[in-house]
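Written out below as structure tokens is the structure these notes cover.
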Amino acid sequence: MSEALRIEDIHSYYGKSHIIQGVSLKVEEGEIVTLLGRNGAGKTSTLKSISGLLPPKRGHVWISGEETTGWPAYRTAQNGLALVPEHRGIFGLLTVEENLRISQRRGAQWSLADIYQIFPRLQERRKNSGGQLSGGEQQMLAIARALLGGPKVLMLDEPVEGLAPIIVEEIVAQIKKVRDAGVSILLVEQNLAVCAELADRHYIIELGKVVHHATSAEFIADHTVRDRYLGVDA
Amino acid sequence: MIYLFQVLNGIGLGMLYFLLAVGLSIIFGLLQFVNFAHGAFYLLGAYLTYDLVERDISFWVAMPAAAVIVALVAGLTEASLLRRIYKLPHTFHILVTVGLALVIQEFVIVVWGPLGGSVATPKSLAGVLIIGDFIYPYYRIFAICFTAVLAFVLYWALERTRLGAIVRAGSESTETMALLGYDTLRINTAVFAFGAGLAGLAGALAAPIRGVEPFMGVEALSVAFVVVVIGGMGSYVGALAAGLLVGVIQSLMATIWPEGARLMIYVAMAFVIVTMPRGLFGRV
């Protein structure tokens, strides 16, 4: 297996506050890896640092073996990295189909028809404006949009937060389909059941540093780690 | 009959106001940028047309050429100067763009002199249309039809094409556009240049009707803001409706109460601000 994404010892700042203090991790091709941690631990900032929204001051980022350290967000996006932010960034005044069309990029492995096959709700609602969608539908649209850019690596920031259990199941199944199509996924998620079901490996981050790393089997067996770093039990 | 003419004049005037205001409105919608140099681009468009026609270049070449040159000048200004100040408060936008407007205005005075001049109507449209009592200059009929077609094409492009969707999406969130792989700096420059080019085109179209003089940009700027405020910031349909409204009000009042013609458009604006602060079609 080769690496879809690797970051090494990255440091990022918001103004003067040093929020990412040397995070290293990797995602192999076809893997789903989660990044866990309490609120404010630096999960979202890690994703932003990888995408280029928050360019790291030190360290290195590689996407499919190509170093992309310091690239602006639009270039990492063009080179196979998609970030679906927590707020989803749906264009509320555009229709669902317009949201999708402006996200299409030549050379992407997904067509609009493929997308509608994975997300049939989006086809039903394609004439609706983005602002009229439910939270779950917005999340599906955000993932669908990311896929139309033809990513090798997909980063999802809390994709099922605040959604009803039945929608969570639907989105989990969709994420599996995306992985099965060969897209590597880095997932930030608080819902441990979802993480355990989807992921191959887990990183736990605290105060801007990776403090624990485990395979999914180890993680499920290990109560002490969950109590210590996450303060919850699934 | 006199009122019919004035309404027609008002529609012609209103369509020019629309062209002026729509650029200002799109730029504000995408960049949240208050551009007081917009009138100066109108001024430059008018003078470039004047200059080219004086050199015996056909008006039909001069008009688009003026718009394109204005767009290029605006694009360069955006890329070198204006993009640096988007993040600052609006007062800084005003400070810098008023300065830019003065520079352009003085440049016009230095190059073409302080007195202004007139631009001959193109020969193919020199005459007047006569149907019974109805007499109206061909050029003005052309100006109305041309801007009406342009307004329709622009609306279609903005609402029905992928490019238009990109512009609308950009005015909702530039960060998301970057995440989708769009170089938002380039989009900003292109949209700014396009909006300024429309102002330049309005100047070029207006030149044969009202002539050119160095202070026409100041007047155009205030009218453009009135139109944008009445129509609603960032609204295309609003700019069209308000442009026509302001043009017709101004023309009719010029007959009924000439001294108050300009006053009345500000009265209309005040009325709209009081009754519907977002403008007729405003979203924000």
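The values are calculated or read from the model by the stated rules, or taken from the named source; none is laboratory data. It should be emphasised that the depicted structure is a prediction, and the values quoted were computed from it without experimental measurement. Cβ sites come from the backbone with ideal geometry, for glycine too, and all protein chains shown count toward neighbours.
The table below lists the values:
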| quantity | calculated |
| --- | --- |
| Count - residues of the range A:59-83 that are closer than 16 Å to residue A:150 by Cβ, in contact (Cβ under 8 Å) with a residue 40 or more places away in the chain and more than 7 Å from every other protein chain (Cβ to nearest Cβ) | 5 |
| Some residue of the range A:187-210 being within 19 Å of residue A:25 (Cβ to Cβ), more than 18 Å from the chain's Cα centre (by Cα) and in a strand (DSSP E or B) | yes |
| Filtered residues of the range A:156-179 (kept if among the β-branched types (Val, Ile, Thr) and farther than 21 Å from residue A:30 by Cβ) | A:160, A:166, A:167, A:168 |
| Residue within the range A:6-23 that is in a strand (DSSP E or B), closer than 27 Å to residue A:218 by Cβ and among the hydroxyl-bearing types (Ser, Thr, Tyr) present | no |
| Residue among B:157, B:148 that is in a helix (DSSP H, G or I) and either in contact (Cβ under 8 Å) with a residue 60 or more places away in the chain or among the acidic types (Asp, Glu) (or both) | B:148 |
| Top-ranked residue of the range A:89-109 - restricted to ones that are free of Cβ contacts under 8 Å to residues at least 60 places away in the same chain, out of contact with any Lys or Arg (no Cβ under 9 Å at 6 or more places or on another chain) and more than 19 Å from residue B:159 (Cβ to Cβ), ranked as nearest to the other protein chains (Cβ to nearest Cβ) | A:105 |
| Residue under evaluation residue B:64, criteria (1) under 25 Å from residue B:235 (Cβ atoms); (2) part of a helix (DSSP H, G or I), criterion not met | (1) |
| Odd one out for residue B:182 among (1) closer than 30 Å to residue A:48 by Cβ; (2) at pLDDT 95 or above; (3) surrounded by fewer than 21 Cβ atoms within 10 Å (Cβ to Cβ) | (3) |
| Residue match in the range B:87-107 (condition: without any contact (Cβ under 8 Å) to a residue 24 or more places away in the chain, assigned to a helix (DSSP H, G or I), within 21 Å of residue B:202 (Cα to Cα) and not aliphatic (A, V, I, L, M)) | yes |
| Which numbered condition residue B:33 fails, given (1) surrounded by 14 or more Cβ atoms within 10 Å (Cβ to Cβ); (2) assigned to a helix (DSSP H, G or I) | (2) |
| Options A:86, A:170; residue that is surrounded by 14 or more Cβ atoms within 10 Å (Cβ to Cβ) and either away from every other protein chain (no Cβ under 14 Å) or in contact with a Phe, Trp or Tyr (Cβ under 8 Å, 6 or more places away or on another chain) (or both) | A:170 |
| Subset of the range B:157-197 that is hydrophobic (A, V, I, L, M, F, W, C) and more than 14 Å from every other protein chain (Cβ to nearest Cβ) - its residue that is farthest from residue A:145 (Cα to Cα) | B:196 |
